[in-house]
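The values are calculated or read from the model by the stated rules, or taken from the named source; none is laboratory data. It should be emphasised that the depicted structure is a prediction, and the values quoted were computed from it without experimental measurement. FYI the Cβ positions are ideal-geometry reconstructions off the backbone, even for glycines, and counts take in every protein chain you see.
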Amino acid sequence: MDAATYRLIGTATCRIDKAGDRYVCRLISSVNPQKGAVLSPDELKERFLYLVADENLRARVAEKTEGVRNVILALAFGALAVDQNDAG
């Protein structure tokens, strides 16, 4: 939820409170000429839920692909180290 809230900067403010085992999000639309019209409460709720779902998906994909990313980075940096040793 924090990442989704961050992505709403300039569009809305968000206050997240914990109520028992649930979280309550209070969203208030911001007036920002650069972002366009002020969102209605329903539009703001829809946008926030979309951003939360997007961030959840990003986190799951990052978790599942962590091993592959680490191999790619190791190969890339290993190749750079070899190139620097050959040049030196």
- Note on the structure: Cβ pairs under 7 Å, 6+ apart or interchain, first in segment 48-64 and under 15 Å from C14 (Cα atoms), second of a type outside the set (S, T, Y) and not in a helix (DSSP H, G or I), ordered by first then second residue, are F48/L8; F48/C25; F48/L27; L51/L8; V52/M1
- Item | Some residue of segment 48-67 being modelled with pLDDT of 90 or more, exposed (fewer than 10 other Cβ atoms within 10 Å of the Cβ), in a loop (DSSP other than H, G, I, E, B) and out of contact with any Leu (no Cβ under 6 Å at 6 or more places or on another chain) | no
- Task: Could you run through segment 1-36 and say how many residues are of a type in the set (D, E, K, R), in contact (Cβ under 8 Å) with a residue 24 or more places away in the chain and out of contact with any Gly (no Cβ under 8 Å at 6 or more places or on another chain)?
- Result: 1
- Note on the structure: In segment 29-47, anything part of a strand (DSSP E or B) and either surrounded by 13 or more Cβ atoms within 10 Å (Cβ to Cβ) or aromatic (F, W, Y) (or both) is listed as S29, N32
- Which numbered condition V24 fails, given (1) modelled with pLDDT of 90 or more; (2) aliphatic (A, V, I, L, M); (3) touching a Lys or Arg at 6+ places or on another chain (Cβ under 9 Å); (4) outside any strand (DSSP E or B): (4)
